[in-house]
Structures are given as structure tokens and as C-alpha cells.
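Below: the structure, in C-alpha cells.
Bear in mind that the values in this text are calculations on the coordinates, not laboratory data. Small disclaimer: the values here were computed from a predicted structure and weren't measured. Cβ placement follows ideal geometry from the backbone for every residue including glycine, while neighbour counts extend to all protein chains displayed.
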Amino acid sequence: MPDRGGGPTGPRIRVGRPSGRARTLLMTLGVLAVLGMAFVMFAGFWTDWLWYRSVKYSSVFTTTLWTKIGLFFVFGLLMAAAVGFNIWLAHRMRPPLSAMSMEQQSLDRYRMGIAPYKRWLLLAITALVGLIAGASAAGQWQTWLMWVNGVPFHQKDPQFHLDVSFYAFDLPWYRFLLAFGFAATVLSLIAAALTHYLYGGLRLTSPGARATAAATGHLSVLLGVFVALKAVAYWLDRYGLAVKSSDFKATGDWTGLRYVDANAYLPAKTILFCIAVICALLFFATLWRRTWQLPVIGFGLMVLSAILIGGLYPAIVQKFQVQPNEQAKEAPYVAKNLKATREAYGIDDAQVTEYEGTSNTKDKDKLRTDADATASIRLLDPNVVSPTFQQLQQMKNYYAFPTNLDVDRYSKDGKDQDTVIGLRELNLAGIPKQNWINDHFRYTHGYGVVSAKGTTADGNGQPVFTESDLPSSGDLGTYEQRIYYGEKTTEYSIVGGPQKEIDYSDDSGEKTTSYQGKSGVSLSNPINRAAYAVAFGEPQILYSGAIGDGSRILYNRTPKQRVEAVAPWLTIDGDAYPAVVDGRIQWIVDAYTTTNGYPYASRTTLGDTTADSLTAGNTQRAVMAQQNQVNYIRNSVKATVDAYTGEVKLYQWDTEDPVLKTWMKAFPGTVKPRTDISPSLMSHLRYPQDLFKVQRELLTRYHVKDAQTFLSGSEVWQVPDDPTNKSGNAVPPYYLSMKMPDQSAQAFSLTTTFTPNGRDNLSAFMSVNAEAGSPDYGKIRVLKLPTSKTVDGPKQVQSQFNSEQDIAESIRLLKGGDSDIEYGNLLTVPIDGGLLYVEPVYVRGGGLKYPLLRKVLVTYGGNTAFEDTLGQALDKVFGAQTATSPPGTGTTTPPPSGNPTVQQALQDAQKAFDAGQEALKKGDWGAYGQAQKDLQDALKRAAEAQSQAGKSTGGSSGAKGGASPSAGPSGSPSSSPSGSPSSSPSSSPSGSGGG
């Protein structure tokens, strides 16, 4: 058998070229792959365009896109042209072939190898560097827009007397141009040197001249350009000193010139600029004098000068002039930093007044009356009661409330009342069966607002709901209750098509609906369906029968996402909050304009400054902007997002902010004037928490106006840790209606406390008027406690609560069994020279999965009370005896009634109360729950009967008064003589809500 080359037993396998059919298949697959990649890119672009068009902010998309494209091509072509031209020029200047040295012979094969492809190689290199440079330049679109649209601040820096806009808008762009110039010069220099070396213009080991005259001139010019750019850099560095960061022990992240900057670095930069200009001219001179001697000497002189003048000399000045007398030398520059920082953060008008911290008022009844008049003490802590809302108002597992509820104001009978509010949002994790249809077609929205009085609780320690049930009803009137856009709505939904959506459920079963809004993007177009199938990685979008005429896809559904998308130049507050405005649920989002180019203003890191005990581990109340550093911030925009339509509106809030004016020039028509804010919306706008947290952090140091005191560090404060938990994070600011000593009436306010640095006693109390639309809005008031005596701070007050024997014993009894204690917000209120601390205490008992308000802790002037109601606690602390509790305290004593219906109802209530107490002793939570329902029914019947008879059954809490849980039925025990609760471990006497 003939040998076929495969060895003695097998044939040889010959590998030949692919057949024509195989080549066609490979080419087809290649073309399909390219088309697939192109369509993926197209899908991303097309879906973005459709989304922006759907929210009517297409101008933001087009302006941003064309700006990026313009920067990409301009700077990409400039870079490609610079590098390509220098490669071409170096190749053109190559020396003629001559007797080659061994070095040149070894390079010859490389020249021979690239000769046929040199044109394509040149194009490839220039295209690569052009793409990289263009992509980098496209990322500077915000810098470009701010430079080309910048408006003046009409404020000048104290050193160079230039408008702040130069540092905020111009200098960043000049620095980018300078960095681009350096990159283009260095790449051109490297490319030209390699080309010269490859073609013999440069020699490393060959005898004779190391470089041809042409190569010497070419490279010298490039080096001259580099040194000239360095001269420009030295000149810009002079102005950069005004926004330079440095660590200064007295101020932290100092920005601006110090003594050594003004007297050493500034003249050094000027001298180095002159030296660099001379050195650049020497490099350019090599075009006529073909020698490197003078340029090298000049370059060496520049380097030596940079070390001696730019480094050593400032160090000597710092060591021998500044350090021996630092306070005197730095004081003038600290004064500039104080002024600029206070202006940049909007704290220059903060009113700091001395406050005694202890009351000299002897009239106990006056103190008691003033306590009710000064503040509406909010006992319902929005950061504690979310589980209570969840348990009582969730209704269905596919609804949920946020971890932290919000505080707002709503008017009732002409009076504003602090209200805790939350939305019943969609919770996909709780739907009965999860699949693609259920997740994206049937369960698409939440339903209804749930709100409760912030100043009171009912007889069971539960919230007094002002809007509740499903569908929601109550004090808020008629409004669109469906919530298609919310903080928990992170998945896309497809609505409006043939597939019906579950609306809500009642006793008659499930109700269905179909979305009638114009939000979202239509999927009627097959191209749109294909694009979204690719963009979302879900092929069923392309062919599913559940999508048809009228189908629309909703995505980017959280308020923060939507505002960030339509205004990418804004920094968004970490906490959006809902409000019912003109028959719609509107998410209100605070947004900020920032810059880190305000001369002399110290920088702060937003992520660190806005973190507190609420943001820790809470993804829905994230810190803003993560680790962005800024040294200027304004709450310049108030935004709203409609919970049903998703419509985003941006309103100009700060009409003087030059940064906002700059962006409004860049994106005309995107921000509505402040005058478009309706009165009903205005009533729900408030001072934002994140801005307040930034300002309070700055005020720990910048409340001082005297440079010497500032430098001594004797007046440095700190934000205390939250005393109600062991997180170790800062105490959050609290909203409540109160009046400061110089105010005549209560105002919705945001408050916090300060302690001395490293100590726990109180050093100051800070409040800002948070009531938008009021003349006093945004005014910061700081009450500064005397340093000559000690006033207890929050941590010390909490320790007193925990260590006092009677209170500790009462808490131990409340913890009986497997109950847990949860402390609510520790509120601080200045009253008649002293400070009132109030803290609600919640019990999450045994089988109950949610906290109930059981007790109120109060302290004032060294007196502490732990009572069932706020009214009782205030009476005990002030030693006042009131015949009837003032409005808003929540304590009630029903008068005798001859109405038999009322008498019977009260008897039934007493029986229900006794049954509840008995059930508590036995740990029978089912019986306890039934007893509470019977108690509520009986009290409701009594109230209705008395109302019909024209007789009052007791004082209900007012909108402005401080409140606590309402009393139970007449005759029920209130407390033991010592003020301790009854012996039942989890019981809470009448008035505490334990009924």
C-alpha cells in the first residue's frame, strides 16, 4: 500500500486553505458580528435619545452630545495632527543613506519591514493617539460649557483682585488646555525622536555626531515648546495659589495663600516663569546655532532654580519666619480665609448670640406655659416608626414604606401641623409569584399616601393617622394616588398595553387599571422594541404578546435618577421627600450647584460631611456626591418629580447664584423661574438637610470671626455622636416647629447641637428657619453657651436618663419578657434661658413587630421626668400643676357626662382596657390586640356621642402644640405615685398608649 505520509498505519492529514463556502461563512459571520456591535452601540444611543425626548429634556441630550462630539473631534484631530506632523517631518528630515555603522545595519531590517506599511502605520499611530485624546477631551464637556458660558460673581479675590469667575470657570479650562499641550508636545517629542533614530537622524553608539543638524533643530523646537508651556504653567500657578489646598492644623483643608505662599511661593513662581521663558528662547535659538550647549545650560539652570527658589527658599521662610511667630504671620491670611469660607457656604449671615443655658425664671407656671408656646414637640420619630406604618398600613406584601419616613407640614383648620409622611410604594420582593410578566407588567405601581400627626400618638401608642387605609383617605383630600415613580421603584415596567395592571385590592377583590399617563417611551415601533431588548438584555421585549399598541416602557424611575439625568450639572440631595400638591403626589428634590474654585474658601468633602447615623447602611438616604470636594455650595434649584407621570420640573431657587446662571445659559429653557412655583408647592418646600449638615460642619470652626481666636483653636466645636444608638455616627439634624428666643412665633425649623471638641457638654445650639416662602427662610441662628460653666450635652442627658434609678427600673420593667426599647429623636428646645430635652421612648414588645410610643423622657434645669405623656412629664419637670392640660399636650380628662350612650361607651372602654392589661400579663398578644380594637371602638363611640350632644370629650392635640399619646378611658390608672409604670412588664398606663 503506498505511503500517504501518515506513518506506517495511517494517512497524512493535509490542512489546506478553507473552501469557498467556508470563506463565505466566515465573512458572513464577521459582517454579522460587526453589525451586531453597531446595533448594540446604536441601541444605547437611541434609547437615551428616546428617554430624554419622553421627559421633554431633549435639549440636554443634544447639547451634551454635540459638545462631547465637538471636543472629541477638535482635540482628537489636534493631537493626531501634532503627532502625525512631527513623525512626517522627522521622516522627511532623514539623512541620505551612507556607509552604515553596525547600529544602522541592525536598524535596516526594521526600516525594510515597515517601508511598505509606513503610510498605514502613520495613520494607525495618529488615529490611536487622536482617539485617546479626543475621548479625554470629551470628558471635559462641563469645563468647556462653564468656560464659554461663565458669568461674573461680582466678587474679587483679595490677592490678585480678579473676579471669582476666573477661578471657578476660566482657570480649570486653561489648565486643561495646558495639560493637553504638554501631552501633545511630549508625544510628538517621543514620536519624532524614535523616527529620527530609526532613520539615522539620531545615533547612540555610532562614531561621530550623535544627531544631524535637522534632528537637532527639530527636537530643540519641541523641547522649546515644552519649556514654554512650563513657563505658562508657572504663571498660572501664581493664580492657582488662591485655590490651592494645604493641610493647616488650625483650619483642616485650607484653601488660599498663607504667609509662605504670598512671600515665598508667589515671587518664586514669577522668577521661575522668567527663567523658563529665557530657557525656551535658548532652545528655539538652536535653529540658527546648531548646538545644544546653551539650551542644556539653561534647562539645568531652570531645574536648579525650581529646587532652590521653588522648594528650598519657601521651606526656609516657613521654618525661620513663620513658625517662631505663626499666629502673627498667618492672622491676615486667616482673616481672608474666614471671610471667603463664610461667604462660599452661605454662613456669613449666621447670627451667633450668647445664651445662658440655665433659666433664671422662678415662675414655674410661666415656664410650663412657655414650653407649650415655644415648640410643637415632635414625638413621632420618622426614623423609628416606619415598621409601625408598615405593620398597620402596608395592606399587601407588595407594598412597602421607606426605612426613614419624612417630616412635612400640612394645614388643618387654618393651622399648620408637623406631619410624618410616607408613600405606600411597590415592593416587588413581596409579590405572590415572581416572573417576568408579574414583575414588569402586572405589578407596576404603589398606591396612596399614609401620614400621621408628628406631635401625638393614640391610646395604644400608635400614630394618629391623618391619611390612611387603601385607597387612602383622610385630611389630604382628593389626589392621584398611583405611584409609578418612587424611591423604591428601581425596575422598569411596561404599561398601557393589552396587559392589565393590578391597581389595589379591597374586600371585593383585586382592581385592575391601565396606565393613562404620557410618560415613558412607546414600544409600538419594532425598532424601539429591538433597541430596548438589546439595551435591557431582555429578548422577550422584542416578541412578547403582552406588548402591543399603547405599550410604554417606564424606567429611570427614582426621583434622584430623573433629576440627575435631566440636570447632570447639579449635585442632588440625599433625601427626596413626597408631598401632596394640587391633587398630585410630587417628589420634592433639593439640588445644589457647587464648585471647588472659590479662592480662599476651605474645601469640604460632601460624602463625609453629610454622613450621619441615618445614612449609615441606608442606601435610600445616601450621602450626596460621595467623595466630591467643594468649597462653594448653593441650594440653587428645587426640583419636583410627579409620582404618576414622572414629569420633572426644575425651579430656580437661588436667583443670585452665578453658577446656576452659567448653567442656565448653557442649557436655556431647562430651569423654570422661581415665580412659577405655586403657593401650594411653596408651602411644602423646606431647607434641605444636606446643605444644613455641610454648614453645621463648617460652623464648628467658622463661627469665629476673629483670626487670633480661630488660630488658637480654643473655640472649636464638634457635631456630637447620636446618643440614641451605638453607631458612633453624627447625630442627624431634626425638623420641628419651634421659635428661637428672638422669634415671635413658631416656624418650621431644622435644628442641631454642638459640643466642645473632645468633650460632651453643650457648646451651642443651631437652628435654621426651614419654612420656604417666609421672609426669615434660611436664617441661621446659633445660641452659644458660656464656656465658664458646664451645660449638659445630648450624650450626658442620655446618660442621665439611663442612670437615674427610677427611670432605669421603669425601663427594666418595660423590657420585661422579650420586649425591646427604642429611643426616638432626642430633641433640644431653648426655653427661657434654659434647654429642654425631650425624647420619646418606644417599646417593641414580644409578638409585636413594630414599635409603640410608651413613655416620654424630659429634662430641664437638672430636673428629669419619665412619664406616660409629654404633658405629665412637663408638669413634673417644671413643678407646675395645671387644672387642664394645655392644648397639644395630649393629656385628657373627660368631664362627667349624663349621656347614657357616653357612659356605656366609657364602661365598655374600661372593660377593654382591663382585658388588655390582663392579656399583657399572660403574654396573650392575640387577646391584647382584640382588646385594643375594642378600646378604640368604645372611645370612638363615646367621642361621637358627645360630639352629637355638643359636649367635649377632652382636648385633642393642636397642630402646633407639643403632643403625646392620648389618655385612655376615664378612671383607668395612670401611674404609680413615684411616676413609675405599673408592675405589668409591658403595660403602659392610660395616657401612655398602653391602654
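In table form, for the structure just shown:
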item: 3J(HN,Hα) from dihedral phi, the stretch 33-39, Karplus parametrisation 6.51/-1.76/1.60, rounded to Hz, x for glycine, proline; result: 4, 5, 5, x, 4, 5, 5
item: Inter-site label distance for ALA429 and GLU538 at 7 Å from Cα along Cβ, in nm; result: 2.0 nm
item: Computed label-point distance, nm, for sites THR28 and VAL186 using a 7 Å Cα→Cβ extension; result: 5.0 nm
item: Gyration tensor (Cα) of the stretch 490-556, equivalent ellipsoid semi-axes in angstrom; result: 24, 12, 11
item: Dipole-positive endmost among PRO498, TYR532, ILE553 within the stretch 490-556 (Cβ charges, Cα centre); result: TYR532
item: Distance histogram for the stretch 329-451 (every C-alpha pair counted, 10 angstrom bins, percent rounded to whole numbers); result: 10, 21, 19, 19, 17, 10, 4, 0
item: Rounded to whole Hz, the Karplus (6.51, -1.76, 1.60) HN-Hα couplings of the stretch 409-419, x for glycine and proline; result: 10, 9, 8, 9, 6, x, 10, 7, 10, 5, 10
item: Hull volume in cubic angstrom per residue (convex hull over the Cα atoms of the stretch 681-825); result: 160 Å³
item: Highest to lowest packing among 400-413, 41-54, scored as the average C-beta count within 10 Å; result: 400-413, 41-54
item: Cross-link reach list, aspartates and glutamates versus LYS911, counting only Cα pairs under 14 Å and skipping chain neighbours closer than eight places; result: ASP934, ASP937
item: Cβ-derived FRET efficiency at R0 25 Å, GLN800 paired with THR361, nearest 0.05; result: 0.70
item: Violating pairs (Cα-Cα greater than 27 angstrom) within the set LYS855/LYS940; LYS244/LYS693; LYS560/LYS726; LYS230/LYS665; LYS638/LYS739; result: LYS560/LYS726; LYS230/LYS665
item: Ratio of Rg to Rh over the stretch 794-835 (Cα coordinates, Kirkwood Rh, two decimals); result: 1.08
item: Zero-based 5 Å bins, Cα pair distances in the stretch 114-206, whole percents; result: 2, 11, 14, 15, 12, 11, 9, 7, 6, 5, 4, 2, 0
item: Whichever lysines have a C-alpha closer than 24 Å to that of LYS500, once near sequence neighbours (fewer than 8 apart) are set aside; result: LYS396, LYS433, LYS488, LYS511, LYS518
item: For the stretch 212-344, projected area of the alpha-carbon convex hull averaged over all directions, nm²; result: 9.0 nm²
item: Between the stretch 731-793 and the stretch 816-879, the Cα center-to-center distance that results, in Å; result: 20 Å
item: Cα-only Debye scattering, the stretch 339-409: base-10 log of I(q)/I(0) at q = 0.19 Å⁻¹; result: -0.89
item: Neighbour-count order for ASP868, ASP170, ASP372, fewest beta carbons within 10 angstrom listed first; result: ASP170, ASP372, ASP868
item: Residue order, fewest to most surrounding Cβ atoms within 10 angstrom, among HIS91, HIS440, HIS196; result: HIS91, HIS440, HIS196
